[in-house]
Every structure is written in structure tokens, then in C-alpha cells.
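The values are calculated or read from the model by the stated rules, or taken from the named source; none is laboratory data. Just so it is clear, the model here is predicted, and its values are computed rather than measured. Note: ideal-geometry Cβ built from the backbone for every residue, glycine included; neighbour counts use all protein chains shown.
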Amino acid sequence: MKHREAFRSCRNSMIAGIAVAAYFAALCPCRAAAQTLAAAPPMGWNSWNHFHRTIDDKTVRAQADAMVSTGMRDAGYIYVNIDDTWQGERDAQGNMQANSKFPDMKDLADYVHSKGLKIGIYSSPGAKTCAGYEGSLGHEEQDAATYAKWGFDYLKYDLCGLRTELKAAPTPEAAHKMMVDAYIKMRDALHKTGRPIVYSLCQYGNDAVWRWGTDVGGNLWRTTGDINDHYARMVEIGFSQAGLARFAGPGHWNDPDMLEVGNGGMTSDEYRQHMSLWVILAAPLLAGNDLTSMTAETTAMLTNHEVIAIDQDRLGQQGDRVSAEGPLEIWEKQLADGSKAVGVFNRHATALSIPVDFKQLGFRKSVRVRDIWQAKDLGSMKDSYTVTVPPHGVVLLRVK
């Protein structure tokens, strides 16, 4: 009631639209901050996919160096994120310490910042993390303050360590409340530090997190289980994102997990399909390979500016599926300039042709078409375009 009365007051006083927006931002400063902090899907690198438990200070510095030398930073990849296994023990006051692999977290953060990059860290709302290291349960404010003091810019908060407690909850409703409360507690702790820290909820899509992730302060939330470097797992995760577009936007993004591009388990066509689907999904682009040993092809794939522009488009609209015919799917993403990114996907093990119906995509007149991966303008077209897509491949178009 109080909010409705305040709104009427604003309206009756003919306050400008921007002032009304500012009023509601004040009612929910966490959401307003989130929209500013992650206006586009975060881009960067994460240690887990390639390095797992072997990650250490030296490796993080080397990855930061490579992000600069390979052009990754200039392409938009700015977060260097340390995943699980960095944690040591707590001191007598309960303050978190890093283990011997990370002798000076503040110095490491300063080094990454000196490269024009930002740095991320990992924890869990449970007593232990997935790998059995110290979690944040009961120490949320202390840990958030420690991350801020060290200079961290991003937190991946992994539900894994709280699973035992969730299973012991008397009802599904009680388990849901426990999970939501845990994420709110860290949200508030991060906000209290005064430092802008991207908040990544890693809880595998439990309880349809896309419906409430924004309310607990999430800038991004995992919508699936873990990805791995196999084609079958990548397509299972990626194509399951149909229907989630309305929950994403500036400051709050659906996250189908990190990129596997360059790790060696898929073909070049499969990696292009992976990258193409993720950018149409407006997904966070967190590389998961060893940046110090990339092939020229991997570097070119990850830094393709036309592909990245689709993901980072200022409209901030996630794409969705338009049609499916067996292993053939067409997805589209509306872009700010009025054009559409169109992904033509073939999940079959042989090449297949598929017609792209421009009317189905909302175009009533002739269109101009560009093949993004081929960097080739295809000219003006009307009605439809039939394209042959390689096995496990993609044709990524920009249609205007």
C-alpha cells in the first residue's frame, strides 16, 4: 500500500520518468546495482574445466598474461576466476585464509588488476565446498569482507556444499526456503562491503532458479548441471534452454555453464556450434581452456568480434528456439539495430540441408543476410534461404 501511494504521488506531481525509475531503484538498491554491474553477460575465464584441483597462483597469473597477449582481453574477456580448491583454514578470529598454493591473494588480485582485468573467487553456502574445502556457512559477512579486502570482483557461490542439509529438510518447501535464505545471506554480505562484486549463483537450476534468481541478488545463475568436454553433454545443456529467454536481461542472466572451446574433446564444427548457441542465449562467456597453449583456430573462435557482438548486444535479449525438425533446430536472437542473429543447428552426424523461412522470423520484405563465421555477405534475399549445415555444425546468420 505504501509503495502504491508513493507511486501515485510521483505520478500526480508529474515527476519525470527517469525520477520514477530512480525512486524504484532506491526501493531495491541490490537490483539496481546488479543491472549496472552486469549490464551485459560477463565474459572471462574460469579455472575449473581445464585445471580442476591443480589451480595455483602461478597458473592464474599465466592465464591473466595470456588473456592480454592473445587478444582475449581486448575482445571483452575481463574476469579471471579462481574456482574451488584455493581455500585454507580459518584463523583464530574465523577469517578465511588461502592455502599454500596461493601465498598472497591481495598481491594476486593486484597483479590481475594491473593487466586491465578483474578477478573472481569461489565459495559455497555450505560448511564445505564440492571439493571438500572450507565453505562460508556461518561466516558469510566475514568472507565477503575478506574478498573485498583482497580486491575480488566476482563470486561464484556453489550450492554443492549445502546439499546434505537440503536433503534433510522436512519438506520441499523448507528446502527451498533454506536455499533461498542462504543466497540472500551472501547477497546482503556482499552488498554490505560496498565493493561491486558480480554474484554468480551456482545451484544447477534447482527449484527453477530463473524465477527467483534476481530476487536474491544474482547477476547470473546456473540453469543446468555441469558441462563437460563432450558433444552430447554440450547439446543436452545448450538446447535445454528453450523457453527461458523471458527471465534474462541486463544485470541477470541465465547461465548454461562455462565454455569448453579449445579443451580438445570436440571437433571444430562442434565447438562452433557450442559458441554459436551460447551467444544466441546471451550466456556468460567464461572460457574454460588453457589460454597459454591455444591454437590459432581456438583463439580466432573465442575472439571473433562479430560472434561476441551477438552475445554482448546492448538490447540484452536472450534468444530462443524458432523451430525444430528432428536434429535440425533454428534459433533467433533480436538485436538492438533491428537485425536478428539466426542460428541454424544440425545435431545429426551427417550434413543436412534446412530452409530458413524469413517470414517465420518476422520479416515481411526482402532481407540482407550475412554468414558470421564465414565473414561473408550473402546479399539480398526474399522468402527463404536453404543452407546445408555440416554434421554437428552450425550456420550463424545476421539477418536484417
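Below is a table of values for the structure above.
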{"read-out": "Entirely in the range 43-85, the helices (runs of 4 or more DSSP H) that have 3 or more residues that are surrounded by 24 or more Cβ atoms within 10 Å (Cβ to Cβ)", "value": "57-69"}
{"read-out": "Residues of the range 235-263 satisfying the condition of being closer than 16 Å to N46 by Cβ and among the hydrophobic types (A, V, I, L, M, F, W, C)", "value": "I237, W253, M258, L259, V261"}
{"read-out": "Which listed residue is in the same structural domain as G288 (by TED's automatic domain parsing), among the hydrophobic types (A, V, I, L, M, F, W, C) and within 21 Å of D226 (Cα to Cα), from I121, I184", "value": "I121"}
{"read-out": "Among the candidates D207, D229, D255, residue that is of a type in the set (D, E) and out of contact with any helix residue (DSSP H, G or I) (no Cβ under 8 Å at 6 or more places or on another chain)", "value": "D255"}
{"read-out": "Candidate set: the range 216-245, residues that are in a helix (DSSP H, G or I) and of a type in the set (G, A, S); chosen: the one farthest from W331 (Cα to Cα)", "value": "A232"}
{"read-out": "Long-range neighbours under 7 Å by Cβ, at least six apart or interchain, first residue in a helix (DSSP H, G or I) within the range 246-264, second modelled with pLDDT of 95 or more", "value": "F247/W210; F247/R211; F247/N254"}
{"read-out": "Residue in the range 158-166 that is modelled with pLDDT of 95 or more and in contact with a Gly (Cβ under 8 Å, 6 or more places away or on another chain) present", "value": "yes"}
{"read-out": "Residue within the range 151-172 that is in contact with a Lys or Arg (Cβ under 6 Å, 6 or more places away or on another chain) and of a type in the set (F, W, Y) present", "value": "no"}
{"read-out": "Count of the range 314-326 residues which are surrounded by 17 or more Cβ atoms within 10 Å (Cβ to Cβ) and of a type in the set (G, A, S)", "value": "2"}
{"read-out": "Some residue of the range 90-111 being surrounded by fewer than 16 Cβ atoms within 10 Å (Cβ to Cβ), in the same structural domain as C202 (by TED's automatic domain parsing) and within 25 Å of D257 (Cα to Cα)", "value": "no"}
{"read-out": "Failed condition for S124, given (1) hydroxyl-bearing (S, T, Y); (2) under 21 Å from P103 (Cβ atoms); (3) crowded, with 21+ Cβ neighbours inside 10 Å", "value": "(2)"}
